[in-house]
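In what follows, a single structure is set out as structure tokens and then discussed.
The values are calculated or read from the model by the stated rules, or taken from the named source; none is laboratory data. This one's a predicted model, so the numbers in the text were calculated from it and none came from an experiment. In this analysis, Cβ positions are derived from the backbone assuming ideal geometry, glycine residues included, and neighbour counts consider all displayed protein chains. Accessible surface areas use protein heavy atoms only, side chains included; no ligands, DNA or RNA. Shrake-Rupley method; radii C 1.70, N 1.55, O 1.52, S 1.80 Å.
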2 protein chains.
Amino acid sequence: MEQTLTNSIQDYLKNIYELTENGESASTNALASRLNVKPASVTGMVQKLASAKPALVEYQKHQGVTLTDDGKKAALEVIRHHRLLEAWLVQTLGYTWDEVHAEAEKLEHVISEDFERRIAAAMGHPLRDPHGELIPTADLQMPLDDSTPLSSLRPGQFGKIEYVKASEAELLRYLENLGLIPGADIEVKDHSPFDHNLTIKMGRKSVVLGLNITSKIYVKES
Amino acid sequence: MEQTLTNSIQDYLKNIYELTENGESASTNALASRLNVKPASVTGMVQKLASAKPALVEYQKHQGVTLTDDGKKAALEVIRHHRLLEAWLVQTLGYTWDEVHAEAEKLEHVISEDFERRIAAAMGHPLRDPHGELIPTADLQMPLDDSTPLSSLRPGQFGKIEYVKASEAELLRYLENLGLIPGADIEVKDHSPFDHNLTIKMGRKSVVLGLNITSKIYVKES
DNA sequence: AATATATTTTAGTCAAGACTAAATATTTTG
DNA sequence: CAAAATATTTAGTCTTGACTAAAATATATT
């Protein structure tokens with residue numbers, strides 16, 4: 001089971017994972033455009049992965065691809081690397097959210113399991129990366145996502161902020177000033193159906209937030 | 001000039017650099033055994049590097065290889081990456097000297113110039129890696145080595161310890177306990193020509209050290 | 001100097017993984 | 001429901017960087 005997968009194969013698996021999270025199977029074309037590769041190349045690779053010694057994907061001619069359990073494991077390993085790396089680069093080297101991606105994209109394929117363990121431990125085994133994405137666990141399970149966009153809460157509901165999915169420093173600072181940071185407890189007071197503005201209460205403070213913001217703030221209902 | 005070199009080519013250049021530091025040219029065989037590759041493969045690659053658009057090596061049939069200025073730049077870039085990474089991994093993730101090499105060997109090929117700058121700055125632009133090797137500067141010059149093995153000092157000479165080139169934790173702890181750490185000022189008192197033992201004085205303390213140790217302690221004469 | 005030995009080079013293969021062009025399915029639409 | 005548009009696959013090519021076997025050249029030994 002411990003085959004050593006090439007960078008290219010890891011990229012295929014990672015992208016198939018991301019395209020099939022919704023339950024659908026991944027199409028040749030969709031994969032090709034994500035991987036910056038021609039569709040014909042995808043067909044070739046996918047056939048190879050399907051007939052690998054422990055098969056990594058499930059594949060039927062014009063039917064798209066799915067990961068096998070082995071394939072999913074391999075994909076989650078790469079995704080874990082990627083997200084841990086993003087978190088680590090941001091925390092230790094002052095990268096911003098938009099700068100880390102390319103760097104992590106390259107490093108994810110070459111770090112050792114030892115390195116993975118060390119950075120995970122150094123950060124206290126974080127649950128999410130800087131973009132708010134869940135980090136697969138060390139035993140390669142994708143944790144359940146128990147958060148929903150704040151925009152989907154109804155008046156009267158309570159929640160705790162889990163993460164903010166935004167990269168604009170300006171917006172982040174704005175929210176931080178309001179106290180809208182991970183961990184904050186909030187209550188939805190009012191909902192204006194016409195323009196989708198929500199009135200939020202935190203402690204004694206009230207704020208009105210538009211959909212452009214409430215759809216980026218993810219909360220755990222409580 | 002900004003070609004993007006493959007990992008393989010970077011490895012060739014790095015190893016040619018290391019084999020030619022003494023002024024000699026690198027032989028096909030020597031390179032092959034360092035790179036874990038057959039001599040015939042080396043010949044092929046070396047021919048390719050010699051006829052690259054800006055040539056990276058100088059090469060004449062049975063005469064061995066040398067780096068051109070462009071090739072040397074590329075080699076120093078990789079070596080700088082490697083040594084900065086080793087220092088960084090040791091300092092931030094608690095790797096020991098013997099653990100870092102393999103990890104750095106992989107990372108050196110994929111980190112960005114930005115990453116390089118960030119870790120260099122984070123460490124205060126160190127001069128040497130954890131093995132005591134000099135780190136090429138940001139403008140890709142190899143600094144002059146102003147240190148010599150303690151074993152080559154004569155009685156009456158003074159020096160300051162620059163680094164200790166050893167990886168055994170036991171030896172390092174022993175030397176640390178004696179105060180034989182980078183920065184320490186020492187004086188050579190006596191030299192026993194028969195067994196090459198040196199008597200060293202540091203402050204009011206005297207120690208007798210064998211060649212196996214004095215050849216690993218590098219000092220700057222003063 | 002002649003031969004033995006070691007090193008290096010040539011020539012031809014191979015596997016990965018991309019590509020193009022052409023053939024074939026599948027969808028969409030009129 | 002057939003025609004056109006779109007998506008996918010096949011077949012064959014290319015490049016990279018390894019390999020083996022055999023030929024050529026250097027070096028060393030007697």
Exercise. Which residues, taken from the stretch A:59-69, are closer than 15 Å to A:Y17 by Cα and touching a residue at least 12 places away in the same chain (Cβ under 8 Å)?
Worked result: A:Y59, A:G64, A:V65, A:T66, A:L67, A:T68
For this session: Enumerate the pairs (first residue in the stretch A:192-217 and within 18 Å of A:A169 (Cα to Cα); second residue anywhere and β-branched (V, I, T)) with beta-carbon separation below 7 Å, excluding pairs fewer than 6 apart on the same chain, so at least 6 apart or on different chains.
Result: A:L209/A:I200; A:K216/A:V164; A:I217/A:I161; A:I217/A:V164
For this session: Enumerate the pairs (first residue in the stretch A:28-39 and small (G, A, S); second residue anywhere and surrounded by fewer than 17 Cβ atoms within 10 Å (Cβ to Cβ) and assigned to a helix (DSSP H, G or I)) with beta-carbon separation below 6 Å, excluding pairs fewer than 6 apart on the same chain, so at least 6 apart or on different chains.
Result: A:A32/A:P39
Problem set entry | Pick from the stretch A:92-133, criterion open to solvent by less than 50 Å² (accessible area, probe 1.4 Å) and hydroxyl-bearing (S, T, Y), ranking: modelled with the highest pLDDT | A:S112
For this session: Mind telling me which of the residues A:N7, A:N22, A:N15, A:N29 ends up being within 16 Å of DNA strand D (Cβ to nearest atom), under 17 Å from the mean Cα position of the chain (by Cα) and farther than 18 Å from A:L140 by Cα?
Result: A:N22
For this session: Identify all residues within the stretch B:47-64 that are more than 14 Å from DNA strand D (Cβ to nearest atom) and in contact with a strand residue (DSSP E or B) (Cβ under 8 Å, 6 or more places away or on another chain); write none if there are none.
Result: B:E58
Exercise. Given the conditions (1) β-branched (V, I, T); (2) without any contact (Cβ under 8 Å) to a residue 24 or more places away in the chain; (3) away from DNA strand C (no atom under 12 Å from the Cβ), and given that B:I79 satisfies all but one, which numbered condition is not satisfied?
Worked result: (2)
For this session: Tell me which residues, restricted to the stretch A:171-213, are surrounded by 13 or more Cβ atoms within 10 Å (Cβ to Cβ) and either at positive phi or among the small types (G, A, S) (or both).
Result: A:G179, A:A184, A:H196, A:G210
Problem set entry | Selected residue (only one of A:L56, A:L67, A:L89 is in contact with an Asp or Glu (Cβ under 9 Å, 6 or more places away or on another chain), at pLDDT 95 or above, on the phi < 0 side of the Ramachandran plot and within 14 Å of chain B (Cβ to nearest Cβ)) | A:L89
Exercise. Where residues in the stretch B:110-142 are at the interface with another protein chain (Cβ under 8 Å from one of its Cβ atoms) and either part of a loop (DSSP other than H, G, I, E, B) or in contact (Cβ under 8 Å) with a residue 40 or more places away in the chain (or both), which of them is nearest to A:V110 (Cα to Cα)?
Worked result: B:V110
Problem set entry | Number of the exception - A:L5 against (1) in contact with a helix residue (DSSP H, G or I) (Cβ under 8 Å, 6 or more places away or on another chain); (2) part of a helix (DSSP H, G or I) | (2)
Exercise. Any chance the stretch B:65-76 includes a residue that's charged (D, E, K, R) and within 12 Å of DNA strand D (Cβ to nearest atom)?
Worked result: no
